[in-house]
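Reviewing the structure listed below.
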Amino acid sequence: MALVNAGVVVLDCAEPEKLAEFYKGLLGAEETDVTANRIGIEGPGGFRMAFRRDANATPPSWPRPENSLQVHLDFVVADLDEAERVIVGLGGRPVEAKDPAGPYEERGFSDPAGHSFTLRGSTASTAPKQG
C-alpha cells in the first residue's frame, strides 16, 4: 500500500496570483482551491500545481551559478515554436538561445517569477540530461 496517494508541485513565489495565471494559460488548467496564501490548479490530464505566497522568495538565477536551480519542470509539447509564442505572450522568458540539434530538441524558459522549465518536443528522449 502506498504511503502517499497524490502529489502536488508547489512553487514558492511573491505573487501566487500572477504565477497561477501563467501556468493556467500554459497548461490549460483550472483553479481548484484558493486561499490568501496559496492557489492550486489542475490541468486536463490531472497534473496539479500550487503556488504558495512567500514574501521573501528569491527567484532562481539559473543558468547563472549564484542562487541557481531550485526546481526544474519539463513539459512535452507537440509544437515547440507555438508553445514558445504562448509562453512569451504569458510573460515567460527564454533562458537558452540555442536549440540542440536532432530529434531531442528542447528549449529552456523561466516563468514570470524566475522558476526554470524546459519544453521538449513530443519525440524528445526521456533520458536524463548528461553533463
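The values are calculated or read from the model by the stated rules, or taken from the named source; none is laboratory data. Bear in mind that the values here come from a model prediction, so they are computed numbers and not experimental data. Using ideal geometry, Cβ is built from the backbone for each residue, glycine included, and neighbour counts are taken over all protein chains shown. For accessibility, only protein heavy atoms count, side chains too; no ligands or nucleic acids. Shrake-Rupley method; radii C 1.70, N 1.55, O 1.52, S 1.80 Å.
Of (1) of a type outside the set (Lys, Arg); (2) modelled with pLDDT of 95 or more; (3) part of a helix (DSSP H, G or I), residue 39 satisfies all except one. Which?
All conditions are met except number (3).
Quick check on the range 60-93: of everything there that is among the basic types (Lys, Arg) and at pLDDT 90 or above, which residue is nearest to the chain's Cα centre (by Cα)?
Here the answer is 93.
Restricting the first residue to the range 48-60 and requiring it to be within 14 Å of residue 16 (Cβ to Cβ) and touching a residue at least 40 places away in the same chain (Cβ under 8 Å), which pairs with a second residue that is part of a strand (DSSP E or B) and open to solvent by 80 Å² or more (accessible area, probe 1.4 Å) meet a Cβ separation below 6 Å and a spacing of at least six or different chains?
Cβ pairs passing all conditions: 50/38; 52/38.
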